[in-house]
1. May I ask you to list the aspartates and glutamates whose Cα is less than 14 Å away from that of A:K2, ignoring any residue fewer than eight positions away on the same chain?
2. In peptide A:56-63, what is the residue-averaged number of other protein chain Cβ atoms found within 10 Å of each Cβ?
3. Work through the residues other than A:D17 whose Cβ is under 15 Å from its Cβ and net out their charges, Lys, Arg +1 and Asp, Glu -1.
4. Rounded, prolate or oblate: which one fits the stretch B:54-115, using the alpha carbon gyration tensor with axes a ≥ b ≥ c (rounded when a/c is under 1.5, else prolate when a/b beats b/c, else oblate)?
5. Does anyone have the angle between helix B:14-25 and the longest principal axis of chain B? Alpha-carbon axes, 0 to 90°, nearest 10?
6. Only bridges with both residues in chain B count here: give the DSSP antiparallel percent, nearest 5.
7. If you add up the charges near B:T183, with Lys and Arg at +1 and Asp and Glu at -1, over every other residue whose beta carbon is less than 14 angstrom from its beta carbon, what do you get?
8. Averaging sequence separations of C-alpha pairs under 8 Å and six or more residues apart, then dividing by the length of chain A, give the relative contact order as a whole percent.
Amino acid sequence: MKIAISSQGKEKESLIDLRFGRCTYFQIYDTDTEKLTAIENSAISSTGGAGIQAANLLLNENVDAVVTGILGPNAVQVLKASDVKFFTSGIKKISDIISDYKENKLEVKEY
Amino acid sequence: MNIVVLSGKGGTGKTLVSTNLAVYMGANYIDTDVEEPNGFIFLKSVVEETAYVEIDIPDIDKQKCVMCFKCVDFCEFNALAKTKQGVLVFDKLCHSCGGCKIVCPVDAVNYKKKNIGIIEKGKANHIKCIRGVLNIGEPIAVPIIKEILNNLDDTLNMIDASPGTSCNVVKTLEYADAAILVTEPTKFGLHDLGRAVKLVEDLNIPFGVVINRITEENNIIKDYCKENKIHILAEIKHDKNVAVLYSKGELLLEDDRYKEIFESLSNKVKENLLCK
């Protein structure tokens with residue numbers, strides 16, 4: 001399973017970015033291989049529909065779950081139609097969010 | 001002949017200038033500030049005709065769609081999204097460019113009509129008035145503006161543009177023979193005037209400036225116009241009574257004290273802008 005976390009940086013010590021569509025990076029954690037990969041969020045510079053574009057970027061990476069602060073209604077529609085699960089977190093390091101996930105401590109978010 | 005009244009900064013007096021000047025010059029009053037058209041309030045226009053404005057929105061035929069998502073990749077505006085269930089259309093982001101239909105290899109893209117607002121035509125003070133009204137919540141105004149401006153009379157049209165220097169203003173200026181830039185002597189007014197000046201200069205449109213709400217004879221707008229050799233067409237003093245009249249929805253022309261502002265402005269527009 002792949003989990004995407006909206007992030008302010010590309011290190012595992014970076015903090016989560018509470019914005020989804022216009023975060024700087026997405027860090028994608030693969031629970032099978034335990035590998036963490038950072039990708040740039042190309043939607044950051046879009047003039048409109050950043051949430052939709054970011055959601056499509058994650059779907060192209062075959063992501064199954066998203067951890068972010070707030071998701072806009074458009075991004076929710078795209079991700080829901082693709083059966084992606086939603087989690088939310090306060091401002092924390094990416095590494096801590098992954099630990100939270102492993103310990104089942106991440107807050108599930110319903111939209 | 002089309003005169004566009006624009007401002008850069010909002011709330012500087014576009015509607016004040018365009019309504020009064022239209023009546024004074026006997027021009028048609030055209031309100032293309034479709035997100036908040038308010039000129040009819042002052043003109044007390046009587047609407048005689050209403051037309052609906054519709055745009056084309058893609059409608060994906062799920063039977064034909066092979067989920068190649070070429071349309072999604074093509075769309076510059078993120079109006080189409082890829083999902084596990086197929087293509088998702090976001091109406092409000094669509095610019096009706098028609099590209100998705102062209103790139104679709106299986107002809108699965110059809111278009112359906114969507115109403116985005118209305119155009120009202122009427123009369124007031126012996127002049128013709130037209131305004132566009134964008135539906136609340138609709139983000140794209142250009143189709144309404146285009147529809148209005150493509151069908152103008154071949155006489156003098158006073159066009160009250162949107163604030164700012166966005167697509168709505170650029171589209172309006174495409175039809176301009178001359179422009180009046182209304183501003184106020186504040187830093188914000190000056191900053192946005194600079195953007196509006198750059199825009200009309202880039203588009204090669206003759207223009208002049210109206211300075212509204214002047215509290216001091218010498219001010220930053222005057223200095224700017226002097227430095228850049230820009231015509232000042234009128235200077236309207238800061239006056240509580242103007243605000244009172246405006247808040248009652250009345251034209252300044254109805255008060256003899258202010259009539260001469262528009263008499264002089266009308267002459268300057270004719271001398272400096274319309275003769276070119």
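1. Within reach: A:D30, A:D32, A:E34, A:E61, A:D64, A:D83.
2. Working: counts 9, 0, 0, 5, 2, 0, 0, 0.
For peptide A:56-63, the averaged partner shielding equals 2.
3. Values: positive: A:K10, A:K12, A:R19, A:R22, A:K92, A:K93; negative: A:E11, A:E13, A:E40, A:D96.
Summing Lys/Arg as +1 and Asp/Glu as -1 gives +2.
4. prolate
5. 70
6. Values: 27 of 51 bridges.
Here the share of antiparallel DSSP bridges comes out near 55 percent.
7. Values: positive: B:K9, B:K14, B:K187, B:R195, B:K198, B:R213, B:K222; negative: B:E184, B:D192, B:D223, B:E235.
With Lys, Arg at +1 and Asp, Glu at -1, the neighbours total +3.
8. On the way: 230 pairs, mean separation 31.4, N = 111.
Computed value for chain A: 28 percent relative contact order.
Laboratory data are not the source of any read-out in this text; all were calculated from the coordinates shown. It should be emphasised that the depicted structure is a prediction, and the values quoted were computed from it without experimental measurement. Positions of Cβ are generated from backbone atoms using ideal geometry, with glycine treated the same way; all protein chains shown enter the neighbour counts.
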